[in-house]
1. Between Asn70 and Lys57, 0.36 nm times their residue separation minus their Cα-Cα distance comes to what?
2. Relative contact order for segment 59-127: what percent, with Cα pairs under 8 Å and sequence separation of 6 or more?
3. Which shape class, rounded, prolate or oblate, goes with segment 16-270 when its Cα gyration tensor gives a ≥ b ≥ c as root eigenvalues, a/c under 1.5 marks rounded, and past that a/b bigger than b/c marks prolate?
4. Helix 52-65: angle to the longest alpha-carbon principal axis of the chain, degrees 0 to 90, nearest 10?
5. Between Asp232 and Arg294, with labels modelled 7 Å along Cα→Cβ, what's the label distance in nm to one decimal, could you check?
6. If I take R0 = 45 Å and measure r between the Cβ atoms of Trp203 and Tyr115 in this structure, what FRET efficiency does the formula 1/(1 + (r/R0)^6) give, to the nearest 0.05?
7. Using alpha carbons only, how many degrees (0 to 90, rounded to 10) separate the axis of helix 306-324 from the longest principal axis of the chain?
8. Working from Cα positions, state the angle (0 to 90°, nearest 10) between the long axis of helix 111-128 and the longest principal axis of the chain.
Amino acid sequence: MSFHVVEQAEPRLNRSELAVPGSQTKLFEKAAKSAADVIFLDLEDAVAPDDKEQARKNVIQAINDIDWGNKTLSVRINGLDTHYMYRDVVDVLEQAGERLDLIMIPKVGTASDVYAVDMLATQIEAAKGRRKRIGFELIIETALGMQNINAIAGASKRNQSLHFGVADYAASTKAKTTNIGGANPDYAVLADKQGEAPRDIYWGDMWHYAIARMVVAARANGLRPIDGPFGDFSDPDGYRAAAKRAAALGCEGKWAIHPSQIALANEVMSPSEAEITQARRILQAMDEAAKAGRGAVSLDGKLIDYASIRQAQVLVKKAEQIAAQ
Ligand code: GLV
Ligand code: MG
């Protein structure tokens, strides 16, 4: 390990993160009773300009009045380039009670964006005597944000997670897409000619670079990497495949923009019984190896060593976290 110790953000289960528009009050109670680990009440892009002020009031009232159980509760504020943003932070932090856990900052472009909201939140917490320090979720969804992602990830002690906002990212980079967060048939490899045989086409994942880069920036700063939306909520298989790709790269959660996506995210982002059993077997085999004075052993014909222990420990810890929920 490096001499530099990466401080880990407050641990939270973040397998599914449900987006709830702040203007749609009838959805609030349902969201509170859902199986989502995290809920964000949205003041940003799911709310029309004319509804912004009412949505802010709705969200404050909902945080104070609804029983949110053991959910992590967040509010997505408007971007720093709008005139709504300062009042989102001031009104929400001054008027919503201690039940609120996080503020989600969209379209973060530079570390200074985080610094600015941190400054505001710090002043309000001190002035109002708030006891719980609000954490930050940061959406990386612009070319500028992706370019500055490392500095952004390390910009505040409040930072807890990075999120890949694929829809705005596509808009910002001018990427050609077909479905929010989905695969694109144009992003494919055509196999070489082999005589007259029909040529295979291999679809690629056009979001691979962005998600992988976010995972590295998040993990290097002790934050949770979370994959963003999948727009076609009538395609559970497509959602599951996208979530699996993100999980394979290290993401530990994915947004749900429709209640039907919550169970899918929880399923993909939870270790399976078989994985947990295998992790426990690895830990046991390594324990026995250590007692016998050996650093590496084979299990089921495969090498396991200290790196395998660390992977197995991560998995078992996640299973315990889920069981404790
Ligand atoms: C989320 O905000 C996105 O733009 O995908
Ligand atoms: Mg967005």
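1. 2.4 nm
2. Working: 62 pairs, mean separation 26.2, N = 69.
38 percent.
3. Values: a/c = 2.13, a/b = 1.69, b/c = 1.26.
Judged from the Cα gyration tensor, segment 16-270 comes out prolate (a/c at least 1.5, a/b above b/c).
4. Helix 52-65 sits at roughly 70 degrees to that axis.
5. 5.0
6. Numbers: r = 40 Å, r/R0 = 0.90.
The calculated FRET efficiency here is 0.65.
7. Value to nearest ten degrees: 40.
8. Roughly 50 degrees between the two axes.
No value in this document is a laboratory result; all are computed from the given coordinates. The structure displayed is predicted, hence computed values, not measured ones. So basically every Cβ, Gly included, is an ideal-geometry build from the backbone, and we count neighbours across all protein chains shown.
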